[in-house]
Amino acid sequence: MKIVHAAAELYPYVKTGGLADAVGALSAALAEHGHEVSVFLPGYRAALEHKDAANAERKLRLKIEMGDQFLSGDVRVFSPRKNLKVYLICREEYFDRRAPYGNGERDYEDNADRFIFFCKGVVETLRLADLQADIVHGHDWQAALLPLLLREAERRHSLTLALKTVFTIHNIAYQGLFPATAFARTNLPDELFNIDGLEYYSQVNFLKGGILFADRLTTVSPRYAKEIQTPEFGCGLDGVALTRADDIVGLLNGVDTSIWNPAVDGVLPARYSPANMAGKQTCRTKLLKRCGFAAGFGGPIFGMICRFTEQKGLDLVIANREFFTGQDCRLIVLGAGDQRIEDELRALATEAPQKISLSARLDETMSHLIEAGCDFFLMPSLFEPCGLNQMYSQVYGTVPVVSRVGGLVDTVIDVGEQPDTGTGIMCEPNAGSLRAAMERALVLFADKPRYAAVQQRCMARDFGWKTAATGYEQLYQESL
Ligand code: ADP
Ligand code: GLC
């Protein structure tokens, strides 16, 4: 099949979270299965500066209609592996910036224009380069206008650009909600600005467009596919999602084992496998030193890696300050994002510097070291569409402590409920329940043979992308 993906993030070029990992691994897996895969990404500075893009071919010049203006751009293409091409939709004014969505404090004011331009750039490239896609697959709100814009371009030019469209919701909490004036920039027919179209309480909602107009919809775990159809998790779009209930399927993300695998992980000071866990001890020692802790500490280490945002349940961790200051354990947090959360975590780390470490930055190497060097991985998310780190942590023999939401339910088995098959500890998304779960973790850690057995079960799980990629292939084929 000729498969076109469009997304705002793609590992290893631009990443703020799991979207980049998921699109990177899925497109690579599909290319490996012999499909002809193209991934469209905005031409961010980071992507253009990446070594893979050094010899990118300048493929096309674009003239994109944005309301009553025409804006120019260009398309650069490179091929990082067999059967895979990356198309960068470039326009310096929009994408030559340090971060993809905002300056840290707030989102860029022209995000509506930036991603309308991106989607239109994808459509225009499909048309001019005659890519003849079987499937055009958009991810999240930044690519959610694609199904509608494709339909509109096909109508205007009387041709077929894509046989079918697929849209994946990685996170329904981010919708691309903009003032009504943004609608004119889409150049879509006025009748689409209503309750059955892009309008959402007098604003424009990009994500709603993807949900309503793609031929098929997916979410990144089966549980989340159900959750988004409820008021509790639908973030105001549950009613819209319900109208497509028959077309939504949950396909669990996987782990890219060429990047996340302790047996071959070149970033770690030592490698290890279920048969020989000695290297995990070396990683632990290095991690403790890196965080300024005594290297010989033998108690449990809890790790956490995430965007600093309410979703990730950092407030539940902060509410448990007495647990971390009182117990003989260590807490190591790596993340970046919301300043309030960072400040509160910083206060906690300053209160107990001998026990709590905070690294407030993006750091790929440190993220691997935390996955490898900790004993437990904390993920008390309030909601979690899929979540990748709880899978990475199992692969690395680091027992996950997670809340019972979304993809966490689909990927972790509670040892209390399933003593013979359990791989982690589950709680409800509240501070008291998290505390009880962490107390269970201490008890488990103290029972060395039992803890080691849980670790072995974690590492024996298969989270490879093969299953997910096959699921997407089937979905594409069915829709065609
Ligand atoms: P989300 O997409 O909601 O952020 P996921 O669990 O799906 O959550 O994916 C998060 C990804 O981002 C993981 O690969 C994780 O290791 C990575 N990540 C998050 N914060 C950081 C950070 N500060 N430094 C390095 N990697 C990070
Ligand atoms: C989103 C979700 C996360 C998911 C990721 C990749 O960022 O928050 O749960 O794992 O997308 O699909």
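Cα centroid distance between region 400-477 and region 69-113, in Å?
Region 400-477 and region 69-113 have Cα centres spaced 37 Å from each other.
Just the C-alpha atoms of region 132-257: what Rg/Rh do they give, with Rh taken as the Kirkwood radius? Walk me through the numbers on the way to the answer.
On the way: Rg = 14.5 Å, Rh = 14.9 Å.
Here the Rg-to-Rh quotient is 0.97.
Full-extension gain between Gln69 and Glu57, please, as 0.36 nm times their residue separation minus the C-alpha to C-alpha distance. All intermediate terms of the calculation are to be shown ahead of the outcome.
Working: separation 12, 0.36 × 12 = 4.32 nm, distance 2.71 nm.
Computed gain between Gln69 and Glu57 is 1.6 nm.
Under a 1.4 Å probe, what is the accessible area of region 278-460 per residue, stated in Å²?
35
Which value, to two decimals, describes the C-alpha radius of gyration of the chain once divided by 2.2 N^0.38 Å?
0.99
Exposed loop GluC sites (Glu not before Pro) only (DSSP loop, at most 14 other Cβ atoms within 10 Å): please give the longest stretch of the chain free of them, not including the sites.
Maximal segment without exposed cleavage sites: 233-416.
Is region 249-339 best put as rounded, prolate or oblate by its Cα gyration tensor, with a ≥ b ≥ c the root eigenvalues, rounded for a/c under 1.5, and otherwise prolate when a/b is larger than b/c, oblate when not?
Oblate, because a/c is 1.5 or more while a/b does not exceed b/c.
Rounded to the nearest 500, what is the chain's calculated 222 nm mean residue ellipticity when only DSSP H runs of at least 4 contribute -39500 (n - 2.57) each, over all residues?
Working: 18 runs with 179 residues, N = 480.
It lands at -11000 deg cm²/dmol.
Name the residue farthest towards the positive end of the dipole of the chain from the options Gly266, Val249, Gly176, assuming +1 on Cβ of Lys and Arg, -1 on Cβ of Asp and Glu, about the Cα centre.
Most positive-ward Cα: Gly266.
Sequence neighbours fewer than 8 away in the same chain don't count; with that in mind, list the lysines whose C-alpha is under 18 Å from Lys286.
Counting by Cα, and skipping residues close in sequence, Lys286 has these lysines nearby: Lys355.
Give the carbon-plus-sulfur fraction of the accessible surface of the chain in %, rounded to a whole number; probe 1.4 Å, heavy atoms of protein chains only. Don't skip to the answer; put the middle values down first.
Numbers: 9330 of 19110 Å².
C and S fraction of accessible area: 49 percent.
Output the peptides 127-139, 400-412 sorted from most to least packed, where packing is the average of other Cβ atoms within 10 Å over each peptide's residues. List each step's numbers first, then the result.
Values: 127-139: 20.1, 400-412: 24.7.
Averaged packing, sorted descending, gives the order 400-412, 127-139.
Provide the gained length on full extension for the span Thr181 to Asp196, in nm with one decimal, where the gain is 0.36 nm per separating residue minus the Cα-Cα distance.
3.6 nm is the gain from fully extending Thr181 to Asp196.
For region 35-90, state which trypsin sites (Lys or Arg not before Pro) are in a DSSP loop and have at most 16 other beta carbons lying within 10 Å of their beta carbon.
Numbers: sites: Arg45, Lys51, Arg58, Lys59, Arg61, Lys63, Arg76, Arg81, Lys82, Lys85; in loops: Lys82.
Answer in residue order: Lys82.
How would you classify region 367-432 from its alpha-carbon gyration tensor, with a ≥ b ≥ c the square roots of the eigenvalues: rounded for a/c under 1.5, else prolate if a/b is greater than b/c, otherwise oblate?
Oblate.
Just the C-alpha atoms of region 278-460: what Rg/Rh do they give, with Rh taken as the Kirkwood radius? It would help to have the intermediate numbers written out before the result.
On the way: Rg = 14.7 Å, Rh = 15.9 Å.
Checking Rg against Rh, the ratio lands at 0.92.
Can you tell me which lysines have their Cα less than 28 Å from the Cα of Lys226? Leave out same-chain residues fewer than eight positions away.
Those lysines meeting the cut-off are Lys15, Lys164, Lys208, Lys312, Lys466.
Apply the Karplus parameterisation 6.51 cos²θ - 1.76 cosθ + 1.60, with θ equal to phi minus 60°, to every residue of region 224-230 and state each ³J(HN,Hα) to the nearest whole Hz, in sequence, with x for glycine and proline.
Using θ = phi - 60°, the values come out as 5, 4, 6, 4, 5, 8, 10 Hz.
Could you tell me how far the Cα centroid of region 291-337 sits from the Cα centroid of region 1-50, in Å?
So the two Cα centres are separated by 32 Å.
Where in region 94-115 is the amide nitrogen less than 20 Å from a point lying 7 Å along the Cα-to-Cβ axis of Asp343?
Within reach of a label on Asp343, which here means backbone N under 20 Å from a point 7 Å along Cα→Cβ, region 94-115 contributes 103-107.
Return, ordered by residue number, the residues of region 1-19 whose backbone nitrogen is under 11 Å from a label point located 7 Å along Cα→Cβ of Asp96.
None, by backbone N distance to the label point.
Could you check the spin-label model distance between Glu49 and Thr282? Points 7 Å from the Cα along Cα→Cβ, value in nm.
3.3
Tell me which lysines have Cα within less than 21 Å of Lys448's Cα, excluding those fewer than 8 residues away on the same chain?
Lys280
Mind jotting down a quarter of the surface of the convex hull over the alpha carbons of region 30-162, in square nanometres, one decimal?
Mean orientational projected area (region 30-162, Cα hull): 8.5 nm².
Calculate, axis by axis, the spread of Cα positions in region 313-380 along the three principal axes, and write the results as whole Å, longest axis first.
Rounded to whole Å, the extents work out to 29, 27, 22 Å.
The values are calculated or read from the model by the stated rules, or taken from the named source; none is laboratory data. Source: prediction; values computed, not measured. Don't worry about glycine lacking a Cβ; one is built from the backbone with ideal geometry, like all the others, and counts go over all protein chains shown. Keep in mind that these areas ignore ligands, DNA and RNA; they rest on the heavy atoms of the full protein, side chains included. Shrake-Rupley method; radii C 1.70, N 1.55, O 1.52, S 1.80 Å.
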